[in-house]
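A.B. asks: Can you read through this structure? Questions will come right after.
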Ligand SMILES: [Zn+2]
């Protein structure tokens, strides 16, 4: 019998470094998280195989649970209607054009929903994270790159090329640092973990963003200057987002948010220095589980039986 309380959805977060997943109960609680390294050197088929193996290993944990669908958040531009990849960078070689939903549905007897990984994280934060009260909000993820997701009246906005919310490529410095998207001066070149690593190495060749943050906390003047510049550029990006979309809230997530003690107050200060607008900023609450939880939630929302 299909007892609703035993229903669960499989949520997968597929990035250029790792593929993570879990079974997610209808209350948002997780069964154990499984994670494998993304075998990018094997190209599309290798990545699909790793994804299939991960799904199989998670399904073995289902026990009494009644699995009702699979949700996948993948890096890249995703056509969520067909569950395929419109465009992925070289972080996922060969991934452009992959029909993820079709590949997985051929192998498992469950409906599959696919969206962009940052979109999935936004759905997670909206369900049981930092944005449960907001109908319209933006998630900006500060990780290897800078990703974004836009939720308006409770719905993800996808844009006509799956590119809505590509906030990392807002130009904030005309003629600035060259970006892998072909533009110059993108936010991603100033406010991502990769950018902070690069700026840390300008101080000392063996520094990374972690060392930079530690040094700034200890009062190192050069490190503080770099953090201040990061914060000013991020503030400008956030103000532009607020101007454009006027969301109720902007949630900041991604790996850099873990080090926010060293920059959060400075960011709030920088925002007030650059605008009279009132921005509501909050750190994400679900950490690196947001994508898994949100992907499962997408599968749940697509489940007509729910
Ligand atoms: Zn760019």
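The values are calculated or read from the model by the stated rules, or taken from the named source; none is laboratory data. All figures in this text were calculated on a predicted structure; none of them were measured in a lab. Cβ: placed from backbone, ideal geometry, glycine included. Neighbour counts: every protein chain shown.
A.B. asks: If the Cβ limit is 8 Å and pairs must be 6+ apart or interchain, which residue in the range 168-181 that is farther than 14 Å from residue 192 by Cα and free of Cβ contacts under 8 Å to residues at least 40 places away in the same chain pairs with which residue that is more than 10 Å from the ligand (Cβ to nearest atom) and assigned to a helix (DSSP H, G or I)?
C.D. replies: Close Cβ pairs satisfying both conditions: 176/190.
A.B. asks: Here's a follow-up. Within the range 132-143, can you find the residues that are within 16 Å of the ligand (Cβ to nearest atom), buried (at least 24 other Cβ atoms within 10 Å of the Cβ) and under 16 Å from residue 289 (Cβ atoms)?
C.D. replies: Within the range 132-143, just 141 meets the criteria.
A.B. asks: Among (1) closer than 20 Å to residue 9 by Cβ; (2) surrounded by 15 or more Cβ atoms within 10 Å (Cβ to Cβ), there is one condition residue 79 misses while meeting the rest; what is its number?
C.D. replies: So residue 79 meets the others, but not (1).
A.B. asks: Right, residue 102: touching a residue at least 12 places away in the same chain (Cβ under 8 Å), out of contact with any helix residue (DSSP H, G or I) (no Cβ under 6 Å at 6 or more places or on another chain), closer than 26 Å to residue 243 by Cβ and surrounded by fewer than 19 Cβ atoms within 10 Å (Cβ to Cβ) or not?
C.D. replies: It is false that residue 102 is touching a residue at least 12 places away in the same chain (Cβ under 8 Å), out of contact with any helix residue (DSSP H, G or I) (no Cβ under 6 Å at 6 or more places or on another chain), closer than 26 Å to residue 243 by Cβ and surrounded by fewer than 19 Cβ atoms within 10 Å (Cβ to Cβ).
A.B. asks: What do you reckon, is residue 81 without any contact (Cβ under 8 Å) to a residue 40 or more places away in the chain, outside the structural domain of residue 151 (by TED's automatic domain parsing) and not in a loop (DSSP other than H, G, I, E, B)?
C.D. replies: When the stated conditions are applied, residue 81 does not pass them.
A.B. asks: Return the residues of the range 1-16 that are at pLDDT below 95 and in contact with a helix residue (DSSP H, G or I) (Cβ under 9 Å, 6 or more places away or on another chain); say none if nothing qualifies.
C.D. replies: Once the filter is applied, which keeps residues that are at pLDDT below 95 and in contact with a helix residue (DSSP H, G or I) (Cβ under 9 Å, 6 or more places away or on another chain), the range 1-16 yields 7, 15, 16.
A.B. asks: Something else about it: For residue 31, work out the one condition from (1) under 30 Å from residue 132 (Cβ atoms); (2) surrounded by fewer than 15 Cβ atoms within 10 Å (Cβ to Cβ); (3) in contact (Cβ under 8 Å) with a residue 24 or more places away in the chain it doesn't fulfil.
C.D. replies: Residue 31 satisfies all of (1) under 30 Å from residue 132 (Cβ atoms); (2) surrounded by fewer than 15 Cβ atoms within 10 Å (Cβ to Cβ); (3) in contact (Cβ under 8 Å) with a residue 24 or more places away in the chain except (2).
A.B. asks: Given (1) at pLDDT below 95; (2) assigned by TED's automatic domain parsing to the domain that holds residue 14; (3) over 17 Å from the mean Cα position of the chain (by Cα), where does residue 179 come up short, assuming only one miss?
C.D. replies: (2)
A.B. asks: Another question, then. Any residue at all in the range 63-71 that's under 19 Å from the mean Cα position of the chain (by Cα) and farther than 18 Å from residue 8 by Cβ? Spell out the reasoning first.
C.D. replies: Of the residues in the range 63-71, the ones under 19 Å from the mean Cα position of the chain (by Cα) are 70-71.
Next, only the ones that are farther than 18 Å from residue 8 by Cβ stay: none.
Checking the range 63-71: not a single residue is under 19 Å from the mean Cα position of the chain (by Cα) and farther than 18 Å from residue 8 by Cβ.
A.B. asks: Moving to a separate point now. Would a scan of the range 161-177 turn up a residue that is part of a strand (DSSP E or B) and more than 30 Å from residue 56 (Cα to Cα)?
C.D. replies: The answer is yes, given that some residue of the range 161-177 is part of a strand (DSSP E or B) and more than 30 Å from residue 56 (Cα to Cα).
A.B. asks: Of all residues in the range 144-177, how many are in contact with a helix residue (DSSP H, G or I) (Cβ under 8 Å, 6 or more places away or on another chain), within 16 Å of the ligand (Cβ to nearest atom) and farther than 21 Å from residue 92 by Cβ?
C.D. replies: 5
A.B. asks: I would also like to ask the following. What is the number of the single condition among (1) assigned to a helix (DSSP H, G or I); (2) away from the ligand (no atom under 16 Å from the Cβ); (3) in contact with a strand residue (DSSP E or B) (Cβ under 8 Å, 6 or more places away or on another chain); (4) closer than 15 Å to residue 145 by Cβ that residue 252 does not meet?
C.D. replies: Answer for residue 252: the failing condition is (1).
A.B. asks: Now a separate question. Could we say that residue 129 is crowded, with 23+ Cβ neighbours inside 10 Å and either in contact (Cβ under 8 Å) with a residue 12 or more places away in the chain or assigned by TED's automatic domain parsing to the domain that holds residue 71 (or both) here?
C.D. replies: Yes: the conditions hold for residue 129.
A.B. asks: Could you tell me whether any residue of the range 225-246 is within 17 Å of the chain's Cα centre (by Cα) and not in a helix (DSSP H, G or I)?
C.D. replies: No: zero hits.
A.B. asks: Which residue is surrounded by the most Cβ atoms within 10 Å (Cβ to Cβ), if the candidates are limited to the range 113-126 and must be touching a helix residue (DSSP H, G or I) at 6+ places or on another chain (Cβ under 7 Å) and in a strand (DSSP E or B)?
C.D. replies: Result: 114.
A.B. asks: Sticking with this one: Return the total of residues in the range 178-229 being in contact with a strand residue (DSSP E or B) (Cβ under 8 Å, 6 or more places away or on another chain) and within 11 Å of the ligand (Cβ to nearest atom).
C.D. replies: Matching residues across the range 178-229 total 10.
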